[in-house]
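Colleague: Dropping the structure in here first, questions after.
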Amino acid sequence: MRHSQHGASYMSIMFLIIFSAIMLKVLIGVIPAYLDDRLIDQMITDELLANQKVAPAKFRSNMDNRFTMNNIRDLKFDDIAKVSNTDGLKVVKSYEVRKNFLMNIDLVITFEKSFDQKSVQAGQ
C-alpha cells in the first residue's frame with residue numbers, strides 16, 4: 001500500500017526562505033526611519049510644551065540641539081521642517097527617507113505632520 005507524502009516540498013521551503021529574507025531586509029531598512037520619525041515627533045511636541053513664547057529661530061536652535069543629543073545625525077531640522085509664528089508657533093514637518101534595497105531599487109518613506117502650539121497644549 002502506498003501512502004502519499006504530506007508537507008512542504010523543497011521548492012516551497014526555498015521560496016519561504018527567500019521571501020523571509022526579503023521581508024527581513026525591508027524591515028531592517030524601514031524600522032529605523034519610523035523610530036527616528038516617532039522620536040522627532042516627540043521632540044517637537046516636548047519643545048512646544050516646554051517653551052510657551054519662543055521665537056522660531058530659537059525653536060530651530062533648540063531642535064538642532066535635541067537632534068544632536070538624540071543622535072539623529074542624518075537629518076537637519078531646517079531641512080525637514082518649517083517653523084512659523086502666526087497666531088502661535090506652528091511647525092510643519094515634511095521629508096522623505098530613501099534607503100537602498102537592492103542594486104538600483106530604493107525604499108522611499110515619506111513623513112508629513114503639522115504641529116500647532118495651541119493644539120499641542122490643549123491635548124496635554
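Computed from the coordinates by the stated procedures, all read-outs in this text should not be read as laboratory data. Note that the structure is predicted; figures quoted are calculated from it, not measured. A quick note on method: Cβ atoms are made from the backbone with ideal geometry, for glycine too, and the neighbour counts reach across all protein chains shown.
Colleague: Mind counting lysine pairs for me in the chain? Cα separation below 21 Å, and the two need to be 8 or more apart along the chain or on different chains.
Modeller: So the count works out to 24.
Colleague: According to the Kirkwood expression over distinct Cα-Cα pairs, how big is the hydrodynamic radius of the chain, in Å?
Modeller: Radius from the Kirkwood sum: 17.6 Å.
Colleague: What distance in nm lies between label points placed 7 Å from Cα along the C-beta direction at LYS99 and ALA21?
Modeller: With each label placed 7 Å out from Cα toward Cβ, I get 1.8 nm.
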